[in-house]
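This report concerns only the one structure given below.
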Amino acid sequence: MEKMLEIGAKAVNYAQKLGVDEAEIFLYMENFTSVKFVGGVFASRSGAVKGIRGMLVRIAEPWIKKKGIPMITSGIRAGVGIRAVINKAIGFSSVSSLEEKRVLDAVEEAVKIAKVRPPDPNWCSLPEPEKPTHEGGIFDKKISGLDVEEMLQLCVDCCVAAGDFDKKINQAITAVFATSTYFSIVNTRGIEMSDKGTFFSGFVSTKAKSGTEEASSSDFLTSRTFTEDVRSIAISAAQRTMECFGRKPLSKKHVGTVVFENMSWSQLFSTIFAYGISSFNVQENRSILKGKIGKQVAKEDVSIVDDGTLPEGLGTSKIDDEGVPRQKTLIIDKGVLHGFLYDNYSAKREKQESTGNASRRKMFGAAAYANQPKIQPSNLILQPGNSGLESLISEVKDGVLVKGSLIGAFHSNVVTGDFSVTAENVFKIQNGTIVYPLKPCTIAGNFYAALNSIVNLGNDLKSFQNIMCPSVVVEKVVVST
Amino acid sequence: MDKALEHALKIGADFAEVKGEDTVTRSVEAVNKEVRIVSETHNVGIGVRVFYGKGIGFSFSNILDKEKVCSAVETALKIARASARKTLIKFKLAEVEVVEEKKSTKVHLHPRDVALEEKKDLCLRQCETAMAGNKQIANVTSAFKEYYGTIYYSNTEGTKVSYEPLLIGLRITCVAKKGKTIVDAMDYHGGSFGLEVFKEVSRTPEKLAENAAKWAIEKLKAKAAPAGRFEALIDPRLAGVLAHESFGHLSEADFVVIGASPLTGKIDQALGTEMVTIVDEGLPSKGGYSIYFDDEGVPCSRVEILKNGVLSYYLHSRETAKALKMKPTGNARSQDYSFEPIVRMRNTYFDAGDWKPEEALSELKQGIYAVDTAGGQVEDTGNFLFKAVRGYWVENGELKYPLRDVALTGNILELLKNVDAVCNDLEIFSNPFGGCGKMEQRVFVGTGGPHLKVKNVLFGGAR
């Protein structure tokens, strides 16, 4: 990282020589390993399995435990992203290299781009240096030194464990990802900062068949440290699959109580709410929360914070991707809206302070250095309640339990908060107990309306990347087939 | 790269290959004469694939010092060894000739020699033209994008090739508004060209802008397309998408190997009328995206997938060719150095026939002229649904009035049997804005064809 700072300083000097008003260099390196293992298909049912190297392979051999299709990739992604500002016009360029010559070439390119762009009247200046208030997130040395063989074995074990859970399980896929990241930011206002972090995630999906009925489900975990808990995820994925057998159709459209398991709710929470609390979206009139600071926007039991200082949080770091210290920001306190998330640009546009929420990370797509900073939550937390999922269910007279992943959550209307998703793991609740699984259902509602009709929150806070939330019970949700 | 291969053999690999990349992607976008986006990404790195026993290992790095490159090789071998013990089945690589060659596309105005200012002007000129005097045009977006650089490939069998990919494109979208009706239309041009291509009379930024504006305004008064079965004239752009999306994917041998494609086991069978030939190749004689070698170092050969209506060949990587006892075709491609190659198309098109387009039109008694497509969906059974961008109602060989909501549905294998005229106006299109996605990898492709006349096409049937 010292070397990254050194290159960054050279690049900033070079940009100044080229006559920029301001410049910022974001240097990034990640060491990434992905191990995926497709295990097991029944002998008699020579089914097709999506497999290795883009190839679908018909496996007609018996369910050979501990053998299947491994798919492993490991590599280093490194690069820099450069912002050059001339007369309020911002030029951005990036290069996937930390070599001095290439970095300086990219600086020249950013300057050229700034010169052809029109000035941005809302631009004030790059951030000034500020001392971080905390130590940042966990860096687990075990992750940076992980052995692929050990990771593959873990995946194989998980597939076997899932297969052993029930004979009806005919396919299991396990994937684990381990990443260590290092980044530095140098700008012309004097920021020279670095941080590093480690990330680990595990994912298990299982399919099962019984007669003509098929079911599939999955579970996953994310963590800052290496954990063998993936094994318990395998069992839980298998369990989630098996409990779907014996599905009945929904007898009639249900408008009423729905219990969203933490995983299901987190998808709506992260897609819709994270959009609505971005100050940029508020400024651009794209958030329903505009003008509601100080007002009641949710039930009194609802409190939401964004906390970039939690050591175990996936979104924690000393500084954000512009070099501003991460902090804890109160969003909703007992139902009352307190504030929004800011990066440097949106903060200065309305003479506020950045809340340290600039991020260049994307879950899919280009590596961090190739993206310009955008407002994103650090760790967005919906504060938990007091009871477990079972006890939440026990208080529901007539309702529906929604578990697992929601198809279409990411296509929700982020401006209005309307959602309409398909859930495959759905259950009928009667008099406080789960009576039977339901065939896939459509769940529709409005997220912001739901914030006002949350009647209960679970104590089962779970982490989904940088979103943490418990299970919730919501009224007035529409469930149909 | 040589060192990496040497190192791979030294530490015990059966086979190793390295892909190196040094490419630039640059784009400019202007909305209503205001330059909104200018971005540039320089992609440099190497990917290493190592075979060991039944196992395959892949690793990549874009830090290119000796230590990091060797460690990528070691990681790939480590992965291959670990995988070997857990792998159920694997196909070997088909044998190929050793090749040593360097290729590049020669153009007059290579984008690397043209100032950014001029590319910005292309976009501004488009906005200017589209907005001038057209009150109904509410919004104009113009984009220019370019991709170029060098791709290197070497393997331990001795193959060592490189080529300079080049792809540029200019695109304009006009939104027209009248009352509550909002419609849009688009025109574009692109391929492995130099910027001189935008000086051709029919391809100037102004011409493209005029077309988009004209089509958008025309669409304001378009009538809804009738539903039902009609005779259809399909334009070269829509023909290209049909060739690629609905037929080409079925001919990718990775789907054939496991029997997932409806083309499995149908070599030498007649699937279409005699006049239909569908080709996939790296270097079409005009237009498209020029690819000299695939990412296994195999020269891109011209494949007539369908020849005079008869299924003749599949698209192969070395692995699938071995599995099906055929010859590799140079269809193993990866998005960039950080991905492994998989079976992909290159430039896929209906080959030219001998009808003149005006003859084909005059033969159309009553039907729909369907132009270009804004998307749709295909299934691996060959079923498709495509929404044409524009359409016209045709009677007795004359375009009567414009149509909107022109959607075609059907199965490609049926459609091929209903093609009764293939014209001589073959065009191949490619641009850097989109690309074809498969298994999380996106690659640039070309698509095309001439005008096709097809009987009995189902319109408006949203299934």
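Here are the numbers:
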| quantity | calculated |
| --- | --- |
| Residue match in segment B:61-77 (condition: at the interface with chain A (Cβ under 8 Å from one of its Cβ atoms), in contact with a helix residue (DSSP H, G or I) (Cβ under 6 Å, 6 or more places away or on another chain) and crowded, with 16+ Cβ neighbours inside 10 Å) | yes |
| Single residue of B:Gly330, B:Gly353, B:Gly376 found to be in a strand (DSSP E or B) and away from chain A (no Cβ under 14 Å) | B:Gly376 |
| Extreme residue, farthest from the other protein chains (Cβ to nearest Cβ), among residues of segment B:431-457 that are surrounded by fewer than 21 Cβ atoms within 10 Å (Cβ to Cβ) and of a type in the set (Lys, Arg) | B:Lys455 |
| Residue match in segment B:287-310 (condition: over 15 Å from the mean Cα position of the chain (by Cα) and within 14 Å of chain A (Cβ to nearest Cβ)) | yes |
| Unique match (being modelled with pLDDT of 95 or more and of a type outside the set (Phe, Trp, Tyr)) among B:Lys102, B:Lys68, B:Lys106 | B:Lys102 |
| B:Leu250 touching a Leu at 6+ places or on another chain (Cβ under 8 Å), aliphatic (A, V, I, L, M), within 29 Å of B:Lys103 (Cα to Cα) and in contact (Cβ under 8 Å) with a residue 60 or more places away in the chain | no |
| Matching option when the condition is of a type outside the set (Lys, Arg) and either part of a strand (DSSP E or B) or in the same structural domain as B:Thr23 (by TED's automatic domain parsing) (or both), among B:Glu319, B:Glu304, B:Glu340, B:Glu274 | B:Glu304 |
| Hey, A:Leu146 surrounded by fewer than 24 Cβ atoms within 10 Å (Cβ to Cβ), within 26 Å of the chain's Cα centre (by Cα) and part of a loop (DSSP other than H, G, I, E, B) or not | yes |
| When residues of segment B:90-115 are limited to those that are in contact with a Lys or Arg (Cβ under 8 Å, 6 or more places away or on another chain) and part of a loop (DSSP other than H, G, I, E, B), the one farthest from the other protein chains (Cβ to nearest Cβ) | B:Val99 |
| Meets criteria (facing another protein chain (nearest Cβ under 10 Å) and in contact with a Pro (Cβ under 9 Å, 6 or more places away or on another chain)) for B:Ser83 | yes |
| Failed item in (1) among the hydrophobic types (A, V, I, L, M, F, W, C); (2) in contact with a His (Cβ under 7 Å, 6 or more places away or on another chain); (3) surrounded by 24 or more Cβ atoms within 10 Å (Cβ to Cβ), with A:Ile332 passing the rest | (3) |
| In segment A:318-327, residue nearest to A:Tyr345 (Cα to Cα) [restricted to those that are out of contact with any Ser or Thr (no Cβ under 8 Å at 6 or more places or on another chain) and assigned to a loop (DSSP other than H, G, I, E, B)] | A:Gly323 |
| Candidates A:Ile143, A:Ile138, A:Ile173 - the one that is within 21 Å of A:Ala368 (Cα to Cα) and out of contact with any Phe, Trp or Tyr (no Cβ under 6 Å at 6 or more places or on another chain) | A:Ile138 |
| Residue, nearest to A:Gly313 (Cα to Cα), within segment A:116-143, restricted to residues that are surrounded by fewer than 16 Cβ atoms within 10 Å (Cβ to Cβ) and touching an Asp or Glu at 6+ places or on another chain (Cβ under 9 Å) | A:Pro129 |
| Test: residue in segment A:296-311 that is modelled with pLDDT under 95, surrounded by fewer than 20 Cβ atoms within 10 Å (Cβ to Cβ), under 19 Å from the mean Cα position of the chain (by Cα) and over 21 Å from A:Lys374 (Cα atoms) | yes |
| Conditions (1) facing chain A (nearest Cβ under 10 Å); (2) in a strand (DSSP E or B); (3) hydrophobic (A, V, I, L, M, F, W, C); number of the one not met by B:Phe51 | (1) |
| Identity of the residue in segment A:84-100, at the interface with chain B (Cβ under 9 Å from one of its Cβ atoms) and part of a loop (DSSP other than H, G, I, E, B), that ends up surrounded by the fewest Cβ atoms within 10 Å (Cβ to Cβ) | A:Glu99 |
| Identity of the residue in segment A:395-418, surrounded by 16 or more Cβ atoms within 10 Å (Cβ to Cβ), at pLDDT 95 or above and not small (Gly, Ala, Ser), that ends up nearest to A:Lys207 (Cα to Cα) | A:Lys403 |
| Among the candidates A:Gly356, A:Gly388, residue that is surrounded by 14 or more Cβ atoms within 10 Å (Cβ to Cβ) and farther than 26 Å from A:Thr179 by Cβ | A:Gly388 |
| Single match in A:Gly81, A:Gly68, A:Gly75 (criterion: facing another protein chain (nearest Cβ under 10 Å) and either modelled with pLDDT of 95 or more or out of contact with any strand residue (DSSP E or B) (no Cβ under 9 Å at 6 or more places or on another chain) (or both)) | A:Gly81 |
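The values are calculated or read from the model by the stated rules, or taken from the named source; none is laboratory data. None of the values given here were measured: they were computed from a predicted structure. Note that we place each Cβ from the backbone using ideal geometry, even for glycine, and neighbour counts take in every protein chain shown.
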